[in-house]
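The values are calculated or read from the model by the stated rules, or taken from the named source; none is laboratory data. Remember, predicted model here, so these are calculated numbers, not experimental data. Ideal geometry is used to build each Cβ from the backbone, glycine not excepted, and the neighbour counts take in all protein chains shown. Keep in mind that these areas ignore ligands, DNA and RNA; they rest on the heavy atoms of the full protein, side chains included. Shrake-Rupley method; radii C 1.70, N 1.55, O 1.52, S 1.80 Å.
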Amino acid sequence: METTLKPQKQLQISEVYIADIVELKNIFLQISNLEIVTENFGIPFLMIRQKNNIIAFASLIINQKGETDFVIYEKSSLNVEEKENFFAHAQNYFKRNNSANYRDPVQLKSSIERMINWLNI
């Protein structure tokens, strides 16, 4: 499932696969200025590629109200239209998905903890 945002920039939205996680981890650590992954990393589910580089990703988190939600991390700046397009795409994907990580905060919390433990080995 890939969507091209703007032809001149060759931006593509796609689902996150396990092979992408290490690169997403590095982007998160760089953006957050951290040395280890925290629960704020969440569970990545969508990303934007420009050529072969991941430049942004959306990740499932538990918000301050204790509900499942998502956050977007950007490695390089997207313009307003690109940000809005990616946010809308992530929001639609989030609303359509009915798996436990998207609907059950307890399940998502457990999945995030397992992901963090794995990434921080």
For region 29-44: of the residues being touching a strand residue (DSSP E or B) at 6+ places or on another chain (Cβ under 6 Å) and among the hydrophobic types (A, V, I, L, M, F, W, C), which is most open to solvent (accessible area, probe 1.4 Å)? ILE31
Within region 15-38, count every residue that is assigned to a helix (DSSP H, G or I) and among the aliphatic types (A, V, I, L, M). 8
Restricted to region 1-19 and to residues being at pLDDT 90 or above and in contact with a Ser or Thr (Cβ under 9 Å, 6 or more places away or on another chain), the residue most open to solvent (accessible area, probe 1.4 Å) is GLN12
Condition first: in a helix (DSSP H, G or I), at pLDDT 95 or above and of a type in the set (S, T, N, Q). Can you find one or more residues in region 88-96 that meet it? yes
Given the options ILE54, ILE61, ILE112, name the one that is free of Cβ contacts under 8 Å to residues at least 40 places away in the same chain, within 18 Å of VAL16 (Cβ to Cβ) and in contact with a helix residue (DSSP H, G or I) (Cβ under 8 Å, 6 or more places away or on another chain). ILE54
Listed by first then second residue, the pairs whose first member lies in region 39-50 and is within 12 Å of ILE27 (Cβ to Cβ) and outside any strand (DSSP E or B), whose partner is open to solvent by 10 Å² or more (accessible area, probe 1.4 Å) and polar (S, T, N, Q), with beta carbons under 8 Å and at least 6 positions apart or on separate chains, are none
Name every residue in region 74-87 that is crowded, with 21+ Cβ neighbours inside 10 Å and either at pLDDT 95 or above or touching a Ser or Thr at 6+ places or on another chain (Cβ under 6 Å) (or both), in order of residue number. PHE86
